[in-house]
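*Asks:* The structure under discussion is supplied below as structure tokens; questions concerning it will follow.
The values are calculated or read from the model by the stated rules, or taken from the named source; none is laboratory data. The structure displayed is predicted, hence computed values, not measured ones. When we count neighbours, we look across all protein chains shown, and the Cβ atoms used for this are built from the backbone with ideal geometry, even at glycine. The accessibility values were calculated without ligands, DNA or RNA, using every heavy atom of the protein model including side chains. Shrake-Rupley method; radii C 1.70, N 1.55, O 1.52, S 1.80 Å.
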Amino acid sequence: MKKPTEKYSIGKDTIEKDLKTLFRTEDCSLPNIDQEVLEPAMDLQRAHQLFDELRTARTGSTKRSSEPKWTHPSVLTLGNVDPITEIVSRARVAVLRAVEHGWNGPPYNPFTLAEMRGIKLLPTEKVLDARTHSDSKDRFTIEFNPQRAAARMRYSIAHEIGHTLFSDCAAATRNRATHQEMKEDEWQLESLCNIAAAEILMPFGTIQDELSKRPGAGLVLELRRKYLASCEAVANRLIRLSAHPCFAFLARRSEATSRYFVEYRIVSPALHEDFAIQRGYELPHSSKASTCVAIGARDQEDARWVSSGKSWFIEYLGISPNTGEPYPRVLGLAFPPLPPDFTVAESLTVLNGDASEPFGAEPKLLLQVVNDQAMVWGGGFAKQARKKWPHAQTHYREWAYGRRNLKLGNIHSVSVREDLTLVSLVAQHGFGGAGSGPKIRYGALFAALEKVADLASAQRATVHMPRIGTGEAGGSWNIIEGIVRETLISRGVKVTIYDLHPRNDLPRQPSLEFPHKMADELI
Amino acid sequence: MAPPCDDISDFELIRRMADERANFAEARDAWGHFYVRHHRFLLRVCMSYHKYVLGAEEVKDVVHQAFFKAFDGAKTFNHAEDCPIVIQERKSRGWLVQIAENLVRDRFRNQPEVSLLADGEIDQLPATTEGERDDNPVPESERLNLLKAGLILLSDVEQTVLRATMFWWQGDQQHQRMLHTALLELSKQVGKSPENIRQIRARAVRKLEKYVNENPHDEKAH
């Protein structure tokens, strides 16, 4: 009888491949499984019942809402995702990259951002507001009208940068289509670029101080002046982070029906009530939105059509129309009825104390920022953590072994106490050395904190941290707090910040010099 | 009228599911039979692979979803192939396991992974990605029989480690990796450190390699 070894050696790779096949088809005995965890034998009737249940559940989760479909070709290039989420994400990436390279504010200058992105800016009175076109090498030029008001110019430039976030932008000259020129679904693209403009003009770190105030029309106008941004940009940022239960919607008048329909809506993280207004929703004829026929015009009403049985308070504010449209768009700010003793719960608390001894009996996640190169925690809070919890450092080294996991945006978690998990966020590029600019990578921090939000939600844990990213990483607390609010607090996670001593000198993003000052001279 | 499903082959059931648009009632019925026929198998496989990291309830959910995905994906399955009933069963089950595997991987997508290779193994990785040739002259069925025999000789821990880690094994990868959380859970389950698990896995594969190369591959010998 011949033996394989005599002629053919079966190697490790084949063994592993065959093992995979063997386990996959289970042509071998399975280990013992507790009978109680196995479901009882299924009969056909129950199987059919299960089929119907699964089908119903699937239909429920993917049920087509009455929201109109996105049809614009440029919007469809975003892929099989929610276009609003995707465009916000793309704008955010652009903003965070720019901030890492020294773009600072507020106010954040969209002219500078355009230049940083290699976009040429050309003032010309030939255009109404602004337009984008590209040359044969797909380099973009934004032509803008310098005669417009400064805030309008800033908004137009930010809007045009929004256009460049679409992959097909170079394929055609993008005009801010006039009302007459606008195709039926052109508003979809324009609306998404407005959302992108809001992300650009009001990036992280703005309006932190105002979040506990009630986000009414008055506050929107006040912040618009303060930050030189549009009402739409202010409302986008304000409502997304507000501690008040409310939502905002942007409505524009349909020429065909003379009624206002909702372009999009933004819901505050504190609002948990259901309501009827969604994209494409037509406001009733009786709605006072129709009285806001001038920019800056305001009105208000108690509306029973927002959700059944309850009267919501709505404030309306006329804001600038899409270029060439005769009627202003209307920003609606809707507030549900609240109990008289309602108070805003502040989800971000700042305490004086040692972050390594966080307060509270609930499960807690303690965050620290680590760099993408060192496997040993050698500085700042991490050094303190290494000394306090040596096993956490060992665990981290095991995880970081080979540095494959030390990718920016990854997180590592290890339990250091029954109720406390230490979470390391890989959000710093390199370590040591001075003068090479901040080492914090805001995009990575954002990605890592999104994972922390998942972890905190799953464990029902609160999050505790020192002022992460502001030590050796050189980040700006203002921006980092903005990211914390956007990723954690907007998802309902409670966050506590610890200062060893009271701080009045919070680090800010250092400014870098740019060669072109044209942008600043223009406005 | 279509014949009852009890005696119908797996491929025919899948064909009926694929034909959902033409006859939904028949497709639903075929799914029911397919489910009754294979769900205990898939549940056992998934429990043995994933219970330690997902928990029993989530594994059951994966199994249900896998069957439902099979209904949706029936059109993509090559049910027209002419092969014996036993092979049909093996292929159908392989397909189901693959669907479940994809579902589990989806649940852990973008989560950190760690190396499955022990220290010594990393050094021995060939410089190129060219692996072994697939044209091993020993027929696959014989190799599988040898492996089955070899597996029985391994300790319980070795078998558990192999089974759990092979789920993450990918044929096109030279440097095999697995989910960090899964490795930690496995580590807890068998009471060994992650590095020990890597060593146990390497040792188990070496034992199997030795076994299949030192034992006759003639099927008559078994």
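*Asks:* Tell me the strands (runs of 3 or more DSSP E) entirely within the stretch A:232-349 that contain at least 2 residues that are under 27 Å from A:ILE200 (Cα atoms) and touching a residue at least 40 places away in the same chain (Cβ under 8 Å). Break it down into steps so the answer makes sense when it comes.
*Replies:* Details: elements: A:247-253, A:260-267, A:298-307, A:310-319, A:329-335.
Result: A:247-253, A:260-267, A:310-319, A:329-335.
*Asks:* Related question: Look at A:LEU271 and say whether it is within 25 Å of A:SER476 (Cβ to Cβ) and either aliphatic (A, V, I, L, M) or in contact with a Ser or Thr (Cβ under 7 Å, 6 or more places away or on another chain) (or both).
*Replies:* no
*Asks:* Mind listing whichever residues of the stretch A:488-505 are touching a Lys or Arg at 6+ places or on another chain (Cβ under 9 Å) and closer than 18 Å to A:PRO203 by Cβ?
*Replies:* Hits for the stretch A:488-505 are A:LEU488, A:SER490.
*Asks:* Name the residues in the stretch A:356-375 that are crowded, with 20+ Cβ neighbours inside 10 Å and more than 30 Å from A:GLY402 (Cα to Cα), would you? It would help to see each step written out before you state the result.
*Replies:* Here is the first cut: in the stretch A:356-375, the residues crowded, with 20+ Cβ neighbours inside 10 Å are A:358, A:364-372.
A:PRO358, the sole residue that qualifies.
*Asks:* Another question about this same structure. For residues that are without any contact (Cβ under 8 Å) to a residue 40 or more places away in the chain and of a type in the set (Asp, Glu), scanning just the stretch B:61-118, find the one that is most open to solvent (accessible area, probe 1.4 Å).
*Replies:* B:ASP82
*Asks:* Would you check if there is a residue in the stretch B:25-42 being within 30 Å of B:ARG198 (Cα to Cα) and either at pLDDT 90 or above or aliphatic (A, V, I, L, M) (or both)? Quick ask: steps written out before the conclusion?
*Replies:* Going residue by residue through the stretch B:25-42, those that are within 30 Å of B:ARG198 (Cα to Cα) are B:41-42.
So of that shortlist, the ones also either at pLDDT 90 or above or aliphatic (A, V, I, L, M) (or both) come out as B:42.
So far as the stretch B:25-42 goes, yes, one or more of its residues are within 30 Å of B:ARG198 (Cα to Cα) and either at pLDDT 90 or above or aliphatic (A, V, I, L, M) (or both).
*Asks:* Can you tell me which residues in the stretch A:451-483 are open to solvent by 20 Å² or more (accessible area, probe 1.4 Å) and at pLDDT below 90?
*Replies:* As a first pass, look at the stretch A:451-483 and keep what is open to solvent by 20 Å² or more (accessible area, probe 1.4 Å): A:451, A:454-455, A:457-460, A:462, A:466-467, A:470-472, A:474, A:478, A:481.
Those that are open to solvent by 20 Å² or more (accessible area, probe 1.4 Å) and at pLDDT below 90: A:ASP454, A:LEU455, A:SER457, A:ALA458, A:GLN459, A:ARG460, A:THR470, A:GLY471, A:GLU472, A:GLY474, A:ASN478, A:GLU481.
*Asks:* Could you check, for the stretch B:74-81, whether at least one of its residues is touching a helix residue (DSSP H, G or I) at 6+ places or on another chain (Cβ under 6 Å) and either at the interface with another protein chain (Cβ under 8 Å from one of its Cβ atoms) or within 30 Å of A:LEU408 (Cβ to Cβ) (or both)? So that I can check it myself, show each step before the final result.
*Replies:* Within the stretch B:74-81, the subset touching a helix residue (DSSP H, G or I) at 6+ places or on another chain (Cβ under 6 Å) is B:74-75, B:77, B:79.
Remaining after also requiring either at the interface with another protein chain (Cβ under 8 Å from one of its Cβ atoms) or within 30 Å of A:LEU408 (Cβ to Cβ) (or both): none.
For the stretch B:74-81, residues touching a helix residue (DSSP H, G or I) at 6+ places or on another chain (Cβ under 6 Å) and either at the interface with another protein chain (Cβ under 8 Å from one of its Cβ atoms) or within 30 Å of A:LEU408 (Cβ to Cβ) (or both): absent.
*Asks:* All but one of (1) assigned to a helix (DSSP H, G or I); (2) at the interface with another protein chain (Cβ under 9 Å from one of its Cβ atoms); (3) closer than 18 Å to A:LEU22 by Cβ hold for B:GLU195, so report the exception by its number.
*Replies:* Tallying (1) assigned to a helix (DSSP H, G or I); (2) at the interface with another protein chain (Cβ under 9 Å from one of its Cβ atoms); (3) closer than 18 Å to A:LEU22 by Cβ, B:GLU195 fails exactly one: (3).
*Asks:* Could you count how many residues in the stretch A:378-403 are more than 20 Å from A:TYR498 (Cα to Cα), open to solvent by less than 20 Å² (accessible area, probe 1.4 Å) and out of contact with any His (no Cβ under 7 Å at 6 or more places or on another chain)? If you could, list the steps in order and put the result at the bottom.
*Replies:* Within the stretch A:378-403, the subset more than 20 Å from A:TYR498 (Cα to Cα) is A:378, A:390-403.
From the residues that got through so far, the ones that are open to solvent by less than 20 Å² (accessible area, probe 1.4 Å) too are A:392-393, A:396, A:399-400.
Add one more test, that the residue is out of contact with any His (no Cβ under 7 Å at 6 or more places or on another chain), and what stays is A:392-393, A:400.
So the count comes out to 3.
*Asks:* Return the residues of the stretch B:113-123 that are modelled with pLDDT of 75 or more and in a loop (DSSP other than H, G, I, E, B); say none if nothing qualifies. Break it down stepwise before answering.
*Replies:* Just the residues of the stretch B:113-123 that are modelled with pLDDT of 75 or more, to begin with: B:113-117.
Of everything in the stretch B:113-123, those that are modelled with pLDDT of 75 or more and in a loop (DSSP other than H, G, I, E, B) turn out to be B:LEU116, B:LEU117.
*Asks:* To continue, here is another question. Let me spell it out: the conditions are (1) at pLDDT below 85; (2) over 18 Å from A:ALA345 (Cα atoms), and A:GLY492 meets all of them except one. Which number is the exception?
*Replies:* (2)
Residue-wise test of (1) among the aliphatic types (A, V, I, L, M); (2) within 14 Å of chain B (Cβ to nearest Cβ).
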position: A:GLU315; (1), (2): no, no
position: A:ALA345; (1), (2): yes, no
position: A:LEU351; (1), (2): yes, no
position: A:ALA355; (1), (2): yes, no
position: A:PHE359; (1), (2): no, no
position: A:GLN373; (1), (2): no, no
position: A:LYS388; (1), (2): no, no
position: A:GLU398; (1), (2): no, yes
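*Asks:* Any residue in the stretch A:332-348 that is open to solvent by less than 30 Å² (accessible area, probe 1.4 Å) and more than 30 Å from A:ARG237 (Cβ to Cβ)?
*Replies:* Within the stretch A:332-348, none of the residues are open to solvent by less than 30 Å² (accessible area, probe 1.4 Å) and more than 30 Å from A:ARG237 (Cβ to Cβ).
*Asks:* Between A:GLY443, A:GLY409, A:GLY432, A:GLY437, which is assigned to a helix (DSSP H, G or I), open to solvent by less than 50 Å² (accessible area, probe 1.4 Å) and more than 22 Å from A:THR496 (Cβ to Cβ)?
*Replies:* Numbers: A:GLY409 fails: assigned to a helix (DSSP H, G or I); A:GLY432 fails: assigned to a helix (DSSP H, G or I); A:GLY437 fails: assigned to a helix (DSSP H, G or I).
On inspection, the qualifying residue turns out to be A:GLY443.
*Asks:* Identify, by number, the condition in (1) within 13 Å of chain B (Cβ to nearest Cβ); (2) open to solvent by less than 60 Å² (accessible area, probe 1.4 Å); (3) closer than 16 Å to A:ALA461 by Cα that A:LEU425 doesn't meet.
*Replies:* The single condition A:LEU425 does not satisfy is (3).
*Asks:* So which pairs qualify, if the first residue must be in the stretch A:366-385 and over 18 Å from A:ASN410 (Cα atoms), the second must be open to solvent by 40 Å² or more (accessible area, probe 1.4 Å) and in a loop (DSSP other than H, G, I, E, B), the Cβ gap must be under 9 Å, and the two must be at least 6 apart or on different chains?
*Replies:* The qualifying pairs are A:GLY378/A:PHE431; A:GLY379/A:PHE431; A:GLY379/A:GLY471; A:GLY379/A:GLU472; A:GLY380/A:GLY471; A:GLY380/A:GLU472; A:PHE381/A:GLY471; A:GLN384/A:ASP354.
Quick grid of which residues meet (1) open to solvent by 20 Å² or more (accessible area, probe 1.4 Å); (2) closer than 30 Å to B:THR181 by Cα; (3) of a type outside the set (A, V, I, L, M):
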site	(1), (2), (3)
B:ILE14	no, no, no
B:ASN23	yes, no, yes
B:ASP29	yes, no, yes
B:LEU43	no, yes, no
B:MET47	no, yes, no
B:LYS51	yes, yes, yes
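*Asks:* Taking the residues in the stretch B:126-164 that are modelled with pLDDT under 80 and open to solvent by less than 50 Å² (accessible area, probe 1.4 Å) as candidates, determine which candidate is nearest to B:ARG198 (Cα to Cα). Let's see the steps before the verdict.
*Replies:* Initially, the stretch B:126-164 is screened for residues modelled with pLDDT under 80, giving B:126-141.
From the residues that got through so far, the ones that are open to solvent by less than 50 Å² (accessible area, probe 1.4 Å) too are B:131, B:136, B:138.
Working: B:GLY131: 21, B:ASN136: 27, B:VAL138: 28 Å.
Filtering first and then ranking leaves B:GLY131.
*Asks:* Moving on. Which residues, counting only those in the stretch A:72-94, are assigned to a helix (DSSP H, G or I), hydrophobic (A, V, I, L, M, F, W, C) and over 17 Å from A:LEU408 (Cα atoms)?
*Replies:* Of all residues in the stretch A:72-94, those assigned to a helix (DSSP H, G or I) come to A:73-76, A:83-94.
When the remaining residues are screened for being hydrophobic (A, V, I, L, M, F, W, C), the result is A:75-76, A:84, A:87-88, A:91, A:93-94.
If the condition is that a residue be assigned to a helix (DSSP H, G or I), hydrophobic (A, V, I, L, M, F, W, C) and over 17 Å from A:LEU408 (Cα atoms), then A:VAL75, A:LEU76, A:ILE84, A:ILE87, A:VAL88, A:ALA91 are the ones that fit.
*Asks:* Scan the stretch A:128-138 for residues that are more than 27 Å from the chain's Cα centre (by Cα) and either of a type outside the set (A, V, I, L, M) or under 16 Å from A:THR164 (Cβ atoms) (or both) and jot them down.
*Replies:* Restricting attention to the stretch A:128-138, the residues satisfying the condition of being more than 27 Å from the chain's Cα centre (by Cα) are A:128-129, A:133-138.
Of everything in the stretch A:128-138, those that are more than 27 Å from the chain's Cα centre (by Cα) and either of a type outside the set (A, V, I, L, M) or under 16 Å from A:THR164 (Cβ atoms) (or both) turn out to be A:ASP129, A:HIS133, A:SER134, A:ASP135, A:SER136, A:LYS137, A:ASP138.
*Asks:* Filter the stretch A:1-32 for residues that are more than 7 Å from chain B (Cβ to nearest Cβ) and over 23 Å from B:TYR52 (Cβ atoms); which is modelled with the highest pLDDT?
*Replies:* Selected residue: A:LYS7.
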